[in-house]
1. Which of the residues belonging to the range 110-147 are in contact (Cβ under 8 Å) with a residue 40 or more places away in the chain and of a type in the set (Ser, Thr, Tyr)?
2. May I ask you to list the residues in the range 174-185 that are under 18 Å from Arg120 (Cβ atoms), crowded, with 22+ Cβ neighbours inside 10 Å and of a type outside the set (Ser, Thr, Tyr)?
3. One residue is enough: does the range 287-299 have a residue meeting the conditions part of a strand (DSSP E or B), under 22 Å from the mean Cα position of the chain (by Cα) and modelled with pLDDT under 95?
4. Scan (1) more than 23 Å from Tyr364 (Cβ to Cβ); (2) modelled with pLDDT under 95 for the single condition Lys227 breaks and write down its number.
5. Only one of (1) buried (at least 17 other Cβ atoms within 10 Å of the Cβ); (2) over 30 Å from Gly122 (Cβ atoms); (3) in contact with a Ser or Thr (Cβ under 7 Å, 6 or more places away or on another chain) fails for Thr36. Which number is that?
6. With respect to the numbered conditions (1) crowded, with 22+ Cβ neighbours inside 10 Å; (2) farther than 28 Å from Gly74 by Cβ, which one is the sole condition not fulfilled by Tyr288?
7. Tell me which of these Ile30 doesn't satisfy, since it passes every other one: (1) buried (at least 24 other Cβ atoms within 10 Å of the Cβ); (2) in contact with a helix residue (DSSP H, G or I) (Cβ under 8 Å, 6 or more places away or on another chain); (3) among the aliphatic types (A, V, I, L, M); (4) part of a loop (DSSP other than H, G, I, E, B).
8. Could you count how many residues in the range 342-373 are within 14 Å of Ser396 (Cα to Cα) and assigned to a strand (DSSP E or B)?
Amino acid sequence: MSDLSLWHATANKHPKRPSLEGEKTCDVVIIGGGFTGLSVAYHLQQRNVKTIVLEAQSVGWGASGRNGGEVLIGYVEPMSALAKKYGRETAKQMFQMSMDCVDVIANIIEKENIQCDFFRNGNMLTAYKPSHLDSLKKEQEFLYDEYHFETKVIEKEDMHTEMESTYYHGAHIDDKSAIFHPLNYCLGLADAVEKYGGTIYENSEAMKIEHPSKDEVVVKTRNGSVKAKHIGIFVNAYTTDLHKLIKRAIVPVESIVLATERLPEELCKRLIVNNRAACDTKNLLYYYRLSADHRMVFGGSGRTTSKRDAKRLFIHLQKGMTEVFPALKDAKVEYTWSGKVGFTIEKIPYIGQLDDGTHFAFGYAGHGAAMSTLLGKIVAANIVNEGDKNNPLDRSNLKPIPFHSHNAKGLGIMKYYFKIKDYIS
């Protein structure tokens, strides 16, 4: 079994990029070489705005190369709940953004000929309890009544048309979501940034930010510095003390993923009939899909603090996979890995510009594979003063989460609470 992610093991051939040496200048310095930062650079380079991307590790090393590769419309909470929280018009804007994000990715993949196994066959949200299916039916009605967005609900007795499993009590299906090889998309996006004149430095951790004047910022690394007019920080759950306000506005939550050995194609066609993305309605949810090389990719929540703890968590996750898919009881697990997911206190992504001039976007809550590229595009527009001032996700008045330093303990308590809630719901 490999601790290397499936995506890193099957990545397209890509260059090893140099680390920053000496003093450089550009229009915009971008910290973070994942989906968001690369999208900002890509869309700025389209406008002939010179960008430099600083990545502490390698392109796609963080969540962009570790996620499940599910490009989903919507948010963690149902749109009906968001409409109650923020109002109908704001929720409508938010929903349209979640629809647009998949189109933006599809267009980039086509334009730049990125080979990343992009399949737009939709998403299947599976009902863990009968009561959950009732809620999914209400959400289906809401989406159609409010947005004229057509989805379908599958009853338990018809689940065989979508998956070979009796674990769930039905499903809510949209046809607009997608799956892809996340790291290969990220690597292709990096190639496109460079094609249009951007520069990417790997193994170049930003260690200090200075503001010599109102219209100038300097980012220092171990062996160099970048002077620019604008700065953006896009490291999501991998934030550091580089910018304390941003760090204290996001909560990192660990997710774990496994991938099986290659499975017979005929079995794959039975397991997830229409090759969709999938996740369930538990609070401590499972998410799963098939890879292009016929493996089951199966993920869930878990915090790996040691090798012994990691082994226990992955054994438990594999047990969960075989409960959902009994046909995989003898399937060998070949890859296991983990990564951090970023949450805001509202459980929606944040975007904006702080008083010190720093642009940001983070807190995708498991929907970053979809939303991050779009938010990167919006940040790029904001930097050149072409953005929409009425963005419903704008949180330029960013505030730290109360008692942020105690969130690790709080997450442990919340997971125990959610485990009980999943059991009794």
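The values are calculated or read from the model by the stated rules, or taken from the named source; none is laboratory data. This one's a predicted model, so the numbers in the text were calculated from it and none came from an experiment. Note that we place each Cβ from the backbone using ideal geometry, even for glycine, and neighbour counts take in every protein chain shown.
1. Matches in the range 110-147: Thr126, Tyr128, Ser131, Ser135, Tyr147.
2. The answer is Ala178, Ile179, Phe180, His181, Pro182, Asn184.
3. No, there is no match, as no residue in the range 287-299 is part of a strand (DSSP E or B), under 22 Å from the mean Cα position of the chain (by Cα) and modelled with pLDDT under 95.
4. Just one mismatch for Lys227, condition (2).
5. (2)
6. Here Tyr288 clears every test but (2).
7. (4)
8. Here the count works out to 9.
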